[in-house]
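Have a look at the structure below, then the notes.
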Amino acid sequence: MSLSTRLRLGLAGVIALAVLALGCGGTGTDELVIGEYGSLTGNDATFGQSTKQGVELALGELVAQRQGRIGGLKVRVVSEDDQGRPEEAVTVVKKLLNQDRVCAVIGEVASSRSLAAAPVCQEAGVPMISPSSTNPRVTQVGDYIFRMCFIDPFQGTVMARFAAQDLHVRRVAILKDVKNDYSVGLAQFFTEAFTNLGGSVVTEQAYSAGDQDFRAQLTNIKGKNPEAIFLPGYYTEVGLIARQARELGIRAPILGGDGWESEQLLEIGGEALNGCYYSNHFAADNPDPRLQEFLKSYKARFGKESDAIGGLAYDAARVLFQSLEKLAEQDPDTFRGLASSKAGTAARRPADKKLRDLIATTTNFAGVTGIITLDENRNATKPAVVLAIRDGKKVYDTTINP
Ligand code: PHE
């Protein structure tokens, strides 16, 4: 054999080995990569932080119970900060898909950011599970988009019923964040339900996230003398608005939705929030053992209480793990395709599709935020709770069933 023939054979061997390596795990690893994105910084940073920690807790349990593996592949989570900006959500989700080659994406909390990034996942054919976006349009983006929570036509009805039937209020003012899809939608769903119950909306005022001074809107509201104010916004502005309302002598209770849910709500709003109410995905003082077990582990791991977002993110991660496990059991060859290449390639498409189908059939999943069954529109139907704020504490008031 001549030297050049030997060299050529050697080279062929090296190429063959490389091709083999690519064939079983295109990235050369045996990893299953999951993406997670949220607002780790910005105006509503507790949303992103709680989501990240909820997912981390679920991953920690997978590590403790099964060496962090599903179907023989090691699970790794990549988290991205979108700074609370919809454009940035698009950028980081593209990065998760193209660079990290994730097999699924968990996020976002805020409906506006889920709406911005969902089309990217839908187009790539990679499942996206929003733990907590409640605007109905989010899952309407397409059949790869899921959520773990109820939707706002229900949440609006919950608070309308609460106002009319529990508080016996007939005249309500609305103050909404006009740049926030969630806020605009929830204001509309509340109005529809409240007027159907015989109530009336005496004025509707607007602000934008990041505003500091709400006195003009509140002065208009005061002039109409409403019996309650419906404020479907996020916690930062809610806290400031409550303070300024009380400074202006408005004593009517303020009502809101899940966007109030944050460990910072009461720090920002203080005493101004006593006597106010909001709808949420869980009540931390609910003695349900599954919920209490979760709250205990979360506290042990992160040194603080979980809010509802932490619970929904934990549920999202566990629903995803369960679906991945089912795929690994039912069809191990297709399952390994999830680790082999980038979404949208021929190797990935059958795996992505099967994973999607398995998530879609989630039925009676025992979540810490309730039993999760996804309907044909990929939404969960779950009860909501109304929390009251009394003496600077959030306390359970009522449960409203769908
Ligand atoms: N539901 C809100 C939205 O769609 C987000 C949110 C969920 C905020 C849960 C707090 C708690 O924008």
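Per-structure values
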quantity	calculated
Strands (runs of 3 or more DSSP E) within region 325-402 that include 3 or more residues open to solvent by less than 50 Å² (accessible area, probe 1.4 Å)	365-367, 384-390, 393-400
Residues that are surrounded by fewer than 24 Cβ atoms within 10 Å (Cβ to Cβ), touching a residue at least 60 places away in the same chain (Cβ under 8 Å) and either within 16 Å of the ligand (Cβ to nearest atom) or within 27 Å of ASP315 (Cα to Cα) (or both), drawn from region 242-275	SER262, GLU263, GLN264, LEU266
Verdict on PHE162 being open to solvent by less than 10 Å² (accessible area, probe 1.4 Å), at pLDDT 95 or above and among the aromatic types (Phe, Trp, Tyr)	yes
Pick from region 172-184, criterion open to solvent by less than 10 Å² (accessible area, probe 1.4 Å) and not polar (S, T, N, Q), ranking: nearest to the ligand (Cβ to nearest atom)	TYR182
Residue match in region 214-232 (condition: of a type in the set (Ser, Thr, Tyr) and more than 16 Å from the ligand (Cβ to nearest atom))	yes
From LEU240, LEU266, LEU218, residue being more than 26 Å from the chain's Cα centre (by Cα) and part of a helix (DSSP H, G or I)	LEU218
Tally, over region 185-208, of residues that are of a type in the set (A, V, I, L, M) and open to solvent by 20 Å² or more (accessible area, probe 1.4 Å)	4
Candidates ALA110, ALA45, ALA118, ALA89, filtered to the one that is out of contact with any helix residue (DSSP H, G or I) (no Cβ under 7 Å at 6 or more places or on another chain), open to solvent by less than 40 Å² (accessible area, probe 1.4 Å), among the aliphatic types (A, V, I, L, M) and within 16 Å of the ligand (Cβ to nearest atom)	ALA45
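The values are calculated or read from the model by the stated rules, or taken from the named source; none is laboratory data. What you see is a predicted model, and the numbers here were worked out from it, not measured in a lab. Positions of Cβ are generated from backbone atoms using ideal geometry, with glycine treated the same way; all protein chains shown enter the neighbour counts. Accessible surface areas use protein heavy atoms only, side chains included; no ligands, DNA or RNA. Shrake-Rupley method; radii C 1.70, N 1.55, O 1.52, S 1.80 Å.
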